[in-house]
Structures are given as structure tokens and as C-alpha cells.
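The values are calculated or read from the model by the stated rules, or taken from the named source; none is laboratory data. Please read these numbers as outputs of a predicted model, since none were measured by experiment. Cβ placement follows ideal geometry from the backbone for every residue including glycine, while neighbour counts extend to all protein chains displayed. Accessible surface areas use protein heavy atoms only, side chains included; no ligands, DNA or RNA. Shrake-Rupley method; radii C 1.70, N 1.55, O 1.52, S 1.80 Å.
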Amino acid sequence: MSKKSKRKNTKKPQSKANWITAGVIALIVLVGGLLLVFTDREDSASKNGNLTATQVADKVKSGDEFYTYFYQTGCVHCEKVKPYLVPLGEKQDIPFEQIDLAVEQSAWDTFGIEGTPTVVHFKDGKEVGRVAGEQTEDSYKEFFAGKDVKDSKEESSGDLND
């Protein structure tokens, strides 16, 4: 048998092995990427310091008193109020939680949210106050002081184009 024929025979198994190795590596990368995407979606609320819809529902059931700021990433009105609303909420003696409705889609129906931004005050297992739509800083101060504040027409529904 000549040297050339020996090389051909050895190259075929190596070529096949290279394809198998490449296929296994591609499969690992694909599975890893999918795991990252799904894990990131599930954990994104907690990574941003936000609660999930389930966590908020559990807090309501337990009778805790707290405020929840419902917003959605990309909402123009939420971006306008965030610089003063979040610091105001965090200054309260009552815990101030946040939930991103772009991540926690089920919260729209669970908490009857019709638009963002919306802040809801929960106490003794029920909702005791709510303010919806883009508000002035003074309006949010009144809300946190326990006064009724009229909802604004400036809010976004689930469709971020409005």
C-alpha cells in the first residue's frame, strides 16, 4: 500500500471527527445561549431591584403596607417622572417597590393596571390608593401624603407607541 492511500484513509476519520466535534460545540453554544436568554428574562426583575408580579401578590396577601410603582421600559411618561418619583417613593417610611410591566406582563391584569406610570398603595391586603398617568412632583407628594390625586390622561398603555 502506498503512502498516499494511507493518508487518505487517516484523513477521512479525522474529517468526520472534526465535523462531529464542530457539531457538538455548536450545540453547546446554542443550548448555552438559550439558557442565558431564558434565565435573563426570569431574573431581570430581581437584577434591577424590582419585584415580580408573584412577589407583589404575596406581599399584598401578607397584609404588608407598601407602595408599588408600575412602569414599563421604554414608556415616555415613565421616563419623565422617574427622576423625581423614585427618589420621593424611596424617602417614604413605607416600602416603595417597583415592577417593570415590560418584563412582568401578567401584572397588567393581576393588578388592574391600565396605563403607566401607575403607583398603587397597598395596606392590610387591599389597595387603598392609586394614581395613574404622568403627574407633577407636587402631585406625587400629595399622593404620598395620603391625599387623592386625579389621574392624568398622559399615560402609556401596553402599546409603547402612545
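What do you reckon, is residue 64 surrounded by fewer than 14 Cβ atoms within 10 Å (Cβ to Cβ) and not hydrophobic (A, V, I, L, M, F, W, C)? Even if it seems obvious, please write down each step before you answer.
Numbers: surrounded by fewer than 14 Cβ atoms within 10 Å (Cβ to Cβ): no; not hydrophobic (A, V, I, L, M, F, W, C): yes.
Answer is no for this residue.
From the list 81, 103, 149, 56, the one residue that fits, being in a loop (DSSP other than H, G, I, E, B) and in contact (Cβ under 8 Å) with a residue 40 or more places away in the chain, is 103. Any residue at all in the range 107-124 that is among the charged types (D, E, K, R), part of a strand (DSSP E or B) and more than 13 Å from residue 51 (Cβ to Cβ)? Taking every residue of the range 107-124 in turn, at least one turns out to be among the charged types (D, E, K, R), part of a strand (DSSP E or B) and more than 13 Å from residue 51 (Cβ to Cβ). Here residue 47 passes the criteria (1) within 15 Å of the chain's Cα centre (by Cα); (2) of a type in the set (Lys, Arg); (3) modelled with pLDDT of 90 or more except the one numbered (3).
Of all residues in the range 73-108, those satisfying the criterion of being under 15 Å from residue 132 (Cα atoms), open to solvent by 50 Å² or more (accessible area, probe 1.4 Å) and either modelled with pLDDT under 95 or out of contact with any Asp or Glu (no Cβ under 7 Å at 6 or more places or on another chain) (or both) are 76, 79, 82. Evaluate the range 64-76: report whether one residue or more is part of a helix (DSSP H, G or I), more than 26 Å from residue 136 (Cβ to Cβ) and out of contact with any helix residue (DSSP H, G or I) (no Cβ under 9 Å at 6 or more places or on another chain). No, the range 64-76 contains no residue that is part of a helix (DSSP H, G or I), more than 26 Å from residue 136 (Cβ to Cβ) and out of contact with any helix residue (DSSP H, G or I) (no Cβ under 9 Å at 6 or more places or on another chain).
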